[in-house]
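Structure in structure tokens, see below.
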Amino acid sequence: LPAGRTATALALGYGHSCAILDDGSAMCWGENDNGQLGDGTNTNSNIPVAVGLPAGRTATVLSLGYYHSCAILDDGSTMCWGYNANGQLGDGTTNNNYNPVAVNLPAGRTATAIAVGGYHSCAILDNDAVSCWGKGNYGQLGNGQTFDYANPTYSNVVNVKPIMITSGGDSNCVLLDNGTAMCWGDNNYGQLGDGTTTNQLSPVLIDFSFEFVSVESGYYHSCAILEDGSAMCWGDNG
């Protein structure tokens, strides 16, 4: 890292890594074939390079996918960069971008949390809605369809308050303020935790009669921390 700087947050993708530094800047390193480092090039880097955030803006949250990256900025706006063949940058195009581009969040809305899957992205908005964009073949956008969306589309998370979101390869889960969770998308290995292996195009409630305090998704499995400090996992167990 640059002299005198420390990291306050870290995010890992398939072949690249990124960090938020103590001054709010963002740096990435590793694979960059699709511009996922956000430095304006597609050159791999074995050392951290600065992400080209807008002047005066800082990053508060980072999340990385297979070949793209996203960040929430200090004003609640959201930017993504890298691979975009499925619209996972959320800028209305399917063009790769080597520099951060603004996500077309709904008018007047800001993001409070973000999670990036393999080829899609999702955010919790300031009105407690969930919006997703990018690849949708498994229903991972949560809007009841299996189409790709290059602009954010609302997921069917309604009449609940999500406080945390996590994305696996082609699935997502949100933790709700009552300690339950909702999940949707790819479920071939049971990673949605609904007792089936049926893909879900809209969020389904996951209620194990335990209160969750945290939930995380891997590519084909999910795990949760419970209120008593124990953990539960479900999905692929190869």
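The values are calculated or read from the model by the stated rules, or taken from the named source; none is laboratory data. All values reported here derive from a predicted model rather than from experimental measurement. Neighbour counts run over all protein chains shown; Cβ positions are idealised from the backbone, glycine included. Accessible surface areas use protein heavy atoms only, side chains included; no ligands, DNA or RNA. Shrake-Rupley method; radii C 1.70, N 1.55, O 1.52, S 1.80 Å.
Roughly what would the spin-label model give for S209 and N95, points 7 Å off Cα along C-beta, in nm?
5.6 nm
So with the 1.4 Å probe, I'd like the accessible area per residue for the stretch 59-204, rounded to whole Å².
33 Å²
Using a 10 Å cut-off on Cβ atoms, rank the peptides 227-238, 144-155 from the highest mean neighbour count down.
Ranking, from highest mean packing down: 144-155, 227-238.
Percent relative contact order of the stretch 1-41, based on C-alpha pairs within less than 8 angstrom and at least six residues apart? Walk me through the intermediate numbers first.
Working: 55 pairs, mean separation 11.3, N = 41.
The value is 28 percent.
Considering Cα pairs under 8 angstrom that are at least six residues apart, work out the relative contact order of the stretch 83-173 and quote it in whole percent.
29 percent
Quick one: what are the phi-derived ³J(HN,Hα) couplings along the stretch 155-160, Karplus 6.51/-1.76/1.60 with θ = phi - 60°, whole Hz, x for glycine and proline?
Listing the rounded values in order: 7, 7, 9, 10, 6, 9 Hz.
Remind me, relative contact order of the chain in percent, using alpha carbon pairs under 8 angstrom and six or more residues apart?
11 percent
I need two numbers for the chain: Rg to one decimal and Dmax as a whole number, Cα atoms only, in Å.
Every Cα atom of the chain included, Rg and Dmax give 17.0, 51 Å.
Over every pair of different alpha-carbon atoms in the stretch 52-92, take the mean of 1/r and invert it; report that Kirkwood radius in Å.
Evaluated on the stretch 52-92, it is 10.6 Å.
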